[in-house]
Amino acid sequence: MTRFAVLASGAGTNLQAILDAVASGQIAAEPSLVLTDRPNAKALDRAQAAGIPRAVLPFKDFESRETFTDAVVAEVKSSGADFVVLAGFMRILAPAACEAYPNAIINTHPSLLPAFQGASAVAEAIAYGVTVTGCTVHLIDEELDHGPIIVQEAVPVLPGDDEESLHERIKVVEHRLLPEVVANFAQGRYRVDGRHVALT
Ligand code: GAR
């Protein structure tokens with residue numbers, strides 16, 4: 001069966017949506033590893049509850065982004081993963097990750113890319129005053145939050161929204177889109193042509 005690794009840094013609600021979709025049969029693939037850069041990430045508890053192997057690689061234990069990335073890739077490869085999902089992974093991987101898994105690393109991002117790239121996308125959307133933001137599920141390339149887009153969905157910014165309330169509504173959409181993308185990817189249904197991704 002196809003295997004995949006999930007990388008997460010925080011609460012792991014997107015990881016949970018993926019694990020639930022595996023349990024229900026929506027995703028016909030097996031999680032081989034949950035890897036985090038943060039020893040206290042709630043994602044680790046979710047992985048343990050689901051019986052998925054876990055790995056913790058604190059960024060500060062490495063000399064550089066490159067050595068960190070090499071260690072991440074080694075863990076992911078040794079788990080037997082065919083592809084990788086970044087589900088709230090807040091570290092930028094060096095180009096070696098894309099070389100090891102070309103067009104096979106999926107990321108979810110809480111904005112309509114290319115707007116609000118980076119780690120503070122929801123706060124920046126509020127500060128800018130946009131009335132519509134959303135989420136983007138895409139393949140990563142060597143540039144931050146830049147690779148080919150698989151799917152996007154808009155989420156309105158409501159009067160009185162703060163970062164937390166808006167992010168919660170964005171996550172509701174992510175929890176639906178990301179498992180769908182993982183399910184399709186596991187079945188080899190995406191064809192990538194430059195920046196364009198077609199569902200076949
Ligand atoms: C998600 O909203 C994801 O899009 C975002 O972190 C959140 C993780 O939530 N990722 C980024 O901002 C990446 N730049 P979770 O830990 O509850 O799944």
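Some notes on this structure:
- Largest-first principal axis extents of the Cα set of segment 35-124 (Å): 35, 31, 27
- Rolling a 1.4 Å probe over the heavy atoms of the protein chains gives segment 2-46 an accessible area of 34 Å² per residue.
- Fraction of accessible area attributable to carbon and sulfur, the chain (%, probe 1.4 Å): 52 percent
- Taking all Cα pairs closer than 8 Å and separated by 6 or more residues, the relative contact order of segment 87-200 comes to 23 percent.
- Pairs of Cα atoms farther than 19 Å apart, the chain, %: 58 percent
- Here the Debye sum runs over all C-alpha atoms of segment 94-180 as equal scatterers in vacuum, and log10 of I(q)/I(0) at q = 0.12, 0.20 Å⁻¹ comes out as -0.35, -0.86.
- The separation of segment 24-52 from segment 162-188, counted between C-alpha centres, amounts to 16 Å.
- For segment 131-176: accessible area per residue (Å², 1.4 Å): 50 Å²
- Kyte-Doolittle at least -0.5, axis length at least 15 Å by Cα - qualifying DSSP helices, the chain: 13-24, 65-78, 163-186
- Segment 85-102 - phi-based ³J(HN,Hα) in whole Hz, Karplus 6.51/-1.76/1.60, Gly and Pro as x: 10, 8, 10, x, 8, 9, 10, 8, 8, 6, x, 4, 5, 5, 5, 6, 10, x
- DSSP-assigned coil residues among GluC sites (Glu not before Pro) in segment 109-160, each with at most 16 further Cβ atoms within 10 Å: GLU142, GLU143
The values are calculated or read from the model by the stated rules, or taken from the named source; none is laboratory data. Since this is a predicted model, take the numbers as computed values, not measurements. Please note: Cβ atoms are built from the backbone with ideal geometry, for glycine as well, and neighbour counts cover all protein chains shown. Keep in mind that these areas ignore ligands, DNA and RNA; they rest on the heavy atoms of the full protein, side chains included. Shrake-Rupley method; radii C 1.70, N 1.55, O 1.52, S 1.80 Å.
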